[in-house]
1. Please pick out the residue among 57, 64, 72 that is at pLDDT 80 or above, loosely packed, with under 10 Cβ neighbours inside 10 Å and part of a helix (DSSP H, G or I).
2. Is it the case, given these coordinates, that residue 34 is surrounded by 10 or more Cβ atoms within 10 Å (Cβ to Cβ), modelled with pLDDT of 85 or more and touching a helix residue (DSSP H, G or I) at 6+ places or on another chain (Cβ under 7 Å)?
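The values are calculated or read from the model by the stated rules, or taken from the named source; none is laboratory data. Here the structure is a predicted model, which is why all the values come from computation and not from measurement. Glycine also receives a Cβ, built like all others from the backbone with ideal geometry; neighbour counts cover every protein chain displayed.
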């Protein structure tokens, strides 16, 4: 959701810039680059969140395994 909002804002700002400047092609390229950058940033944030969730899950699994091993070794 925030990705689409960010892209919409970047695109609207870039179109406004293109309308006011003589270098419409440069402004269009800048808009495309800004949209790509926003998209990549959103993708990176999502990947970081997924990795953090995976790491937390792995840590919980490791703790569970350690507890099971300790209980097994105690017998």
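1. 72
2. Taking the combined requirement at face value, the residue satisfies it.
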